[in-house]
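The values are calculated or read from the model by the stated rules, or taken from the named source; none is laboratory data. The model shown is predicted, which means the values in this text are computed figures rather than measured ones. Here the Cβ positions follow ideal geometry from the backbone for every residue, glycine too, while neighbour counts run over all protein chains shown.
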Amino acid sequence: MGGALVTVVVLGLVGLAVAVAVVPAVTGSRAYTVLSGSMVPTLPVGSLVVSRPVDADSVVVGDLISFVDRDRAGGETRTVTHRVVAVDPGPVFTTRGDANAAPDPHPVTAQDLLGRVWYQLPWVGGAAGFLRTGPGLVVGGGAVLLLLGLCLLVPRRRRPGDRAVRERG
């Protein structure tokens, strides 16, 4: 039982790593961590959102898009993921967070569109962000080594009918 559990945990972590790092890298997508509650309950704070580049003309009302939000006064930028609530010629998008009462103050142009949300992993973004730091790499690497060690150290149970292997001396 112990060996099977370790195998399931290792495979689950490998699958999660593929979804978080490999798939976005191979497909040209980008992963973002949800930092605010503006999209609750659709995107809980700490979720990892993977957005795939799309042609701006393919975006429709209801899509979740990631875009560059430019602070008109300070010149700073941030990445935002919100729902499209209107599409005007250009195309220009009006967006709004699901938890917000009013639309976002600035329209999103095709130039600022980063992509359409492809998939999201609730509560994984915080851990993924931590693993990108120095201490996170140490903790993550240590966890991988620990799990690999467990895989090697946990003995396999013999089942009835398994042949005994005779040692040669």
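With respect to the numbered conditions (1) under 23 Å from P41 (Cα atoms); (2) touching a Gly at 6+ places or on another chain (Cβ under 9 Å); (3) at pLDDT below 95, which one is the sole condition not fulfilled by R156?
Just one mismatch for R156, condition (1).
Return the pair list, or none, for Cβ contacts closer than 6 Å from residues in region 85-96 that are within 12 Å of T109 (Cβ to Cβ) to residues that are assigned to a strand (DSSP E or B) and among the polar types (S, T, N, Q), at least 6 apart or on different chains.
Pairs found: V92/T109.
Given the conditions (1) out of contact with any helix residue (DSSP H, G or I) (no Cβ under 9 Å at 6 or more places or on another chain); (2) in a helix (DSSP H, G or I); (3) among the aliphatic types (A, V, I, L, M), and given that L13 satisfies all but one, which numbered condition is not satisfied?
(1)
Consider D69 against the criteria (1) under 21 Å from R132 (Cα atoms); (2) in a strand (DSSP E or B): it satisfies all of them except one. Which criterion is unmet?
Answer for D69: the failing condition is (1).
Quick check: is even one residue across region 75-97 out of contact with any Phe, Trp or Tyr (no Cβ under 7 Å at 6 or more places or on another chain), at pLDDT below 95 and of a type in the set (S, T, Y)?
yes
Does region 18-31 include one or more residues that are touching a residue at least 60 places away in the same chain (Cβ under 8 Å), buried (at least 17 other Cβ atoms within 10 Å of the Cβ) and in a strand (DSSP E or B)?
Checking region 18-31: at least one residue is touching a residue at least 60 places away in the same chain (Cβ under 8 Å), buried (at least 17 other Cβ atoms within 10 Å of the Cβ) and in a strand (DSSP E or B).
Counting only residues that are touching a residue at least 12 places away in the same chain (Cβ under 8 Å) and among the small types (G, A, S), which one in region 116-142 is nearest to A56 (Cα to Cα)?
The residue in question is G125.
When the residues of region 77-92 are filtered to those that are within 24 Å of the chain's Cα centre (by Cα) and not β-branched (V, I, T), which remaining residue is nearest to S58 (Cα to Cα)?
Among those residues, the one meeting the criterion is R83.
So for region 114-126 (the condition being assigned to a helix (DSSP H, G or I), modelled with pLDDT under 95 and not β-branched (V, I, T)), does at least one residue qualify?
The answer is yes, given that some residue of region 114-126 is assigned to a helix (DSSP H, G or I), modelled with pLDDT under 95 and not β-branched (V, I, T).
Pairs under 9 Å by beta carbon, first residue closer than 18 Å to A31 by Cβ in region 102-115, partner assigned to a strand (DSSP E or B) and of a type in the set (S, T, Y), six or more apart or different chains?
So the pair list comes out as L113/S66; L114/Y32; L114/S51; L114/S66; L114/T79; L114/T81; G115/S51; G115/S66.
Of the conditions (1) surrounded by 12 or more Cβ atoms within 10 Å (Cβ to Cβ); (2) outside any strand (DSSP E or B), V50 satisfies every one except a single condition; which number is it?
Failed condition: (2).
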